[in-house]
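Enquirer: Okay, handing you the structure first.
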Amino acid sequence: MREKDAMSNEYDVVCMGAGHNGLVTAAYLAKAGKRVLVLEAKEFVGGGVVTRELTLPGFRHDQHSTAHIMLTGNPMIQADELGLFAKFGLRYHYADVPYATIFSDQTSLITHRDVDKTCESIARISPHDAESYRRFVALSSQMLPVFMQGLYSPPIPMGAMVAMLDQSPEGRDLLCTMFKNSLQVVNEWFEHDKVKIHLLKLVSENLQTPEELGTGVGVFLMPALLHRFGVGQPIGGSGELSEALVRCIRHHGGTVATRQPVRKVLTRGGRAVGLETEAGERYLAKDAVIGAIHPARLGNFIDGLDADLLRRARSVQPSSFSLFLSHYALAEPLRYHAGPELTGPTMLEVVGTTDLTTFLEGYDALRRGRLPQPLIVSGGDNSVNDKTRVPPGRGTAYIVCFAPYSLADGGAARWDEIKERVGDEVLAFYRQFTPNLTDANILGRHLDSPLDHERFSPNSFVAGDMHGCAPFFHQTGNYRPIPELGNYTVPGVDRFYLVGPFMHPGGGVFGAGRGTAIRVCDDLKLNFDEIASAKP
């Protein structure tokens, strides 16, 4: 019997969307003993955390996210609160080299998990910067616990956060860094352009440009995160995280149903009471309704919301740029001119310059709706560290190119016209760094443009923003996405809760649904700590 055929119409909790954040919330509530139903529009689960055979049978590609950075500090992972490792089959690979950069002259900088080895890599081009980096990481590591403690729980009010940080020298330093941009931070600490580019490219993976105010905290704390936690990749692909969450939900009696697009959030007397699908089926919720609905789309699903709230929700700013993604099935694994040690990093940047000014000019082009020249690219072969992703002896290429959602010439709609041409341009650029990304080695290709991302998830990836909305300071903490929605709830609709990359703590793979789960448990008078610490 298919799972959807076995569904009843009454549950404790119903959830719209089976992206990884929604699945996290549903898993905690199912573990709490709640009868949970998750409705997903697609034929597969995971949202942006999904692994699919995009090119050829046997080649498993991470369609969106591939490197799990911020997730690794989440108590869900650190304490295995949901039993994803102990009971539901999740396994991670952590490379000794989480991050590396290859420059246009085929030299490289390597961030090892080990700080000493990282300093040795930097010292080859700048002994001064190697010592600065050691002090930088030491200070960053001291600040990290202050930063991390608020990431995976509902955010405290912005005013209270600022007041708390203002009480100590360490807090004031962190607060000052939060107001700066990342370029200012690296200019204060480092001298060599390659070192600056290496660090700035890392933080711009958060879809933010180096000169945007409020981005300084990212470049300050990211190195400490890499050295403390590393960068994880699930064995079998990024989507294995989502699949383990589904197994957890079902183990606790919950239901996850695919091909069930939701049309409306059902309300009665100012309270959310269920979800209605496009097929007209109604699923009622006794305790809570969870929705992975971008703030700009709230009015499409919930009737009667305040007009000013909807106006402010629609004004949420997307990230400064999007991504153009290329996936290749290869006859053999990738190699690099820079050397065999560059095949193993989890995150590999390839930079078409050694000059900081040229590098920064690329972000100026993005802001104006143009592709940078040279392109701003990262990628690699995920099969090098995980042979389960490919047939024996084969390889993959995952190439990420920063790109605007709305093109200066033709807007977003023009992506359909130029997608293949841009894919060829990205391929030609990447070939400068690898000797074997040749026509003979390429067995298949799949491309996703910024417009494709929005089509993939129209209720989360608005404007092609896979991080939901920009990580600007005015869209962080309980101001994310706007202050009225910052505590996961929607004014005027009791027992309705938001989940997704547009909510605190931000986009990317955070396991951010944990914060939503805590808020729901608080309202239902459930002890979240007891739920999280109980054996699954």
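Enquirer: Go over the candidates Asp129, Asp105 one by one and state the one that is open to solvent by 70 Å² or more (accessible area, probe 1.4 Å) and not basic (Lys, Arg). Before the answer, list the steps.
Expert: Details: Asp129 fails: open to solvent by 70 Å² or more (accessible area, probe 1.4 Å).
Criteria check complete, one pass: Asp105.
Enquirer: Within the stretch 34-51, how many residues turn out to be touching a helix residue (DSSP H, G or I) at 6+ places or on another chain (Cβ under 7 Å), assigned to a strand (DSSP E or B) and farther than 8 Å from Ala18 by Cα?
Expert: Of the residues in the stretch 34-51, 2 are touching a helix residue (DSSP H, G or I) at 6+ places or on another chain (Cβ under 7 Å), assigned to a strand (DSSP E or B) and farther than 8 Å from Ala18 by Cα.
Enquirer: A follow-up question, please. Given (1) part of a helix (DSSP H, G or I); (2) over 28 Å from Tyr405 (Cα atoms); (3) open to solvent by 10 Å² or more (accessible area, probe 1.4 Å), where does Glu191 come up short, assuming only one miss?
Expert: Evaluating Glu191 over (1) part of a helix (DSSP H, G or I); (2) over 28 Å from Tyr405 (Cα atoms); (3) open to solvent by 10 Å² or more (accessible area, probe 1.4 Å) leaves (1) as the failure.
The rows are residues; the columns are (1) open to solvent by less than 10 Å² (accessible area, probe 1.4 Å); (2) at pLDDT 95 or above.
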position	(1), (2)
Gly218	no, no
Gly239	yes, yes
Ile249	yes, yes
Thr255	no, yes
Val262	no, yes
Thr267	no, yes
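Enquirer: Further, regarding this structure: For the stretch 487-536, enumerate the residues that are outside any helix (DSSP H, G or I), within 16 Å of Asp12 (Cβ to Cβ) and in contact (Cβ under 8 Å) with a residue 24 or more places away in the chain. Quick ask: steps written out before the conclusion?
Expert: Narrowing the stretch 487-536 to residues outside any helix (DSSP H, G or I): 487-512, 524-527, 534-536.
Filter again for within 16 Å of Asp12 (Cβ to Cβ), leaving 494-497, 524-526.
Correct list: Asp494, Arg495, Phe496, Tyr497, Leu524, Leu526.
Enquirer: Here are some residues: Glu53, Glu10, Glu43. Which one is open to solvent by 10 Å² or more (accessible area, probe 1.4 Å) and in contact with a strand residue (DSSP E or B) (Cβ under 6 Å, 6 or more places away or on another chain)? Outline the logic, then answer.
Expert: On the way: Glu53 fails: in contact with a strand residue (DSSP E or B) (Cβ under 6 Å, 6 or more places away or on another chain); Glu43 fails: in contact with a strand residue (DSSP E or B) (Cβ under 6 Å, 6 or more places away or on another chain).
Unique residue meeting the criteria: Glu10.
Enquirer: Are there any pairs, at least 6 apart or on different chains, whose C-beta atoms fall under 8 Å, with the first in the stretch 76-103 and free of Cβ contacts under 8 Å to residues at least 40 places away in the same chain and more than 28 Å from Leu200 (Cα to Cα) and the second open to solvent by 10 Å² or more (accessible area, probe 1.4 Å) and among the aliphatic types (A, V, I, L, M), and if so, which?
Expert: Once the first residue is free of Cβ contacts under 8 Å to residues at least 40 places away in the same chain and more than 28 Å from Leu200 (Cα to Cα) and sits in the stretch 76-103, its partners that are open to solvent by 10 Å² or more (accessible area, probe 1.4 Å) and among the aliphatic types (A, V, I, L, M) give Asp80/Ala86.
Enquirer: Something else now. Would you confirm whether or not the stretch 459-473 contains a residue that is under 30 Å from Gly304 (Cα atoms), of a type in the set (Phe, Trp, Tyr) and open to solvent by 50 Å² or more (accessible area, probe 1.4 Å)?
Expert: No, the stretch 459-473 contains no residue that is under 30 Å from Gly304 (Cα atoms), of a type in the set (Phe, Trp, Tyr) and open to solvent by 50 Å² or more (accessible area, probe 1.4 Å).
Enquirer: Tell me, please, whether a residue that is assigned to a loop (DSSP other than H, G, I, E, B), of a type outside the set (Lys, Arg), touching a Phe, Trp or Tyr at 6+ places or on another chain (Cβ under 9 Å) and surrounded by 24 or more Cβ atoms within 10 Å (Cβ to Cβ) can be found in the stretch 19-26. Don't jump to the end; show me each part of the working.
Expert: Step one: list which residues in the stretch 19-26 are assigned to a loop (DSSP other than H, G, I, E, B), which gives none.
No: the stretch 19-26 contains no residue that is assigned to a loop (DSSP other than H, G, I, E, B), of a type outside the set (Lys, Arg), touching a Phe, Trp or Tyr at 6+ places or on another chain (Cβ under 9 Å) and surrounded by 24 or more Cβ atoms within 10 Å (Cβ to Cβ).
Enquirer: Could you check the stretch 145-168 and list, in sequence order, the residues that are in contact with a Leu (Cβ under 7 Å, 6 or more places away or on another chain) and open to solvent by 40 Å² or more (accessible area, probe 1.4 Å)? Let's see the steps before the verdict.
Expert: We begin by selecting, within the stretch 145-168, every residue in contact with a Leu (Cβ under 7 Å, 6 or more places away or on another chain); these are 146-147, 162, 165-166.
Selection gives Val146, Phe147, Val162, Asp166.
Enquirer: Right, another one. Against the definition (within 30 Å of Tyr94 (Cα to Cα), outside any helix (DSSP H, G or I) and among the charged types (D, E, K, R)), how does Arg370 come out, yes or no?
Expert: Working: within 30 Å of Tyr94 (Cα to Cα): no; outside any helix (DSSP H, G or I): yes; among the charged types (D, E, K, R): yes.
So Arg370 does not fit the description; no.
Enquirer: Can I ask one more? What are the residues in the stretch 297-319 that are closer than 15 Å to Glu276 by Cα and surrounded by fewer than 17 Cβ atoms within 10 Å (Cβ to Cβ), if any?
Expert: Scanning the stretch 297-319 gives Asn300, Asp303.
Enquirer: Give me the residue from the stretch 332-368 that is closer than 28 Å to Thr396 by Cβ and either of a type in the set (Asp, Glu) or without any contact (Cβ under 8 Å) to a residue 12 or more places away in the chain (or both) and, out of that set, least open to solvent (accessible area, probe 1.4 Å).
Expert: My answer is Glu349.
Enquirer: Let me ask something additional. Out of Val185, Val203, which single residue is over 24 Å from Val49 (Cβ atoms), in a helix (DSSP H, G or I) and out of contact with any strand residue (DSSP E or B) (no Cβ under 6 Å at 6 or more places or on another chain)?
Expert: Checking each option against the conditions leaves just Val185.
Enquirer: If you don't mind, another one. In the stretch 326-346, what residues are closer than 19 Å to Gln432 by Cβ and hydrophobic (A, V, I, L, M, F, W, C)?
Expert: Leu330, Leu334, Ala338, Leu342
Enquirer: Mind telling me which of the residues His327, His294 ends up being open to solvent by less than 20 Å² (accessible area, probe 1.4 Å), touching a His at 6+ places or on another chain (Cβ under 7 Å) and modelled with pLDDT of 95 or more?
Expert: On the way: His294 fails: touching a His at 6+ places or on another chain (Cβ under 7 Å).
Step by step, each of His327, His294 is checked, and only His327 is open to solvent by less than 20 Å² (accessible area, probe 1.4 Å), touching a His at 6+ places or on another chain (Cβ under 7 Å) and modelled with pLDDT of 95 or more.
Enquirer: Another question, if that's okay. Restricted to the stretch 506-536, and to residues that are in contact with a Gly (Cβ under 7 Å, 6 or more places away or on another chain) and modelled with pLDDT under 95, which residue is nearest to His294 (Cα to Cα)? Before the answer, list the steps.
Expert: Just the residues of the stretch 506-536 that are in contact with a Gly (Cβ under 7 Å, 6 or more places away or on another chain), to begin with: 507, 513, 536.
Narrowing the set further to residues that are modelled with pLDDT under 95 leaves 507, 536.
Numbers: Gly507: 12, Pro536: 31 Å.
It comes out as Gly507.
Enquirer: Please enumerate the residues belonging to the stretch 503-518 that are surrounded by fewer than 24 Cβ atoms within 10 Å (Cβ to Cβ) and on the phi > 0 side of the Ramachandran plot.
Expert: Gly506, Gly508
Enquirer: For the stretch 369-385, which residues satisfy the criterion of being more than 19 Å from Val426 (Cα to Cα) and open to solvent by 10 Å² or more (accessible area, probe 1.4 Å)? Steps first, please.
Expert: First, the residues of the stretch 369-385 that are more than 19 Å from Val426 (Cα to Cα): 383-385.
Listed by number, the residues that qualify are Val384, Asn385.
Enquirer: Considering each of Thr267, Thr277, Thr255 in turn, give the residue that is closer than 21 Å to His20 by Cβ and among the polar types (S, T, N, Q). Step through it out loud before you land on a result.
Expert: Numbers: Thr267 fails: closer than 21 Å to His20 by Cβ; Thr277 fails: closer than 21 Å to His20 by Cβ.
Step by step, each of Thr267, Thr277, Thr255 is checked, and only Thr255 is closer than 21 Å to His20 by Cβ and among the polar types (S, T, N, Q).
The values are calculated or read from the model by the stated rules, or taken from the named source; none is laboratory data. On a predicted model such as this, the values are computed, not experimentally measured, just so you know. All Cβ positions, even for glycine, are placed from backbone atoms using ideal geometry, and neighbour counts span all protein chains on display. Surface areas here come from the heavy atoms of the whole protein model, side chains and all, with no ligands, DNA or RNA. Shrake-Rupley method; radii C 1.70, N 1.55, O 1.52, S 1.80 Å.
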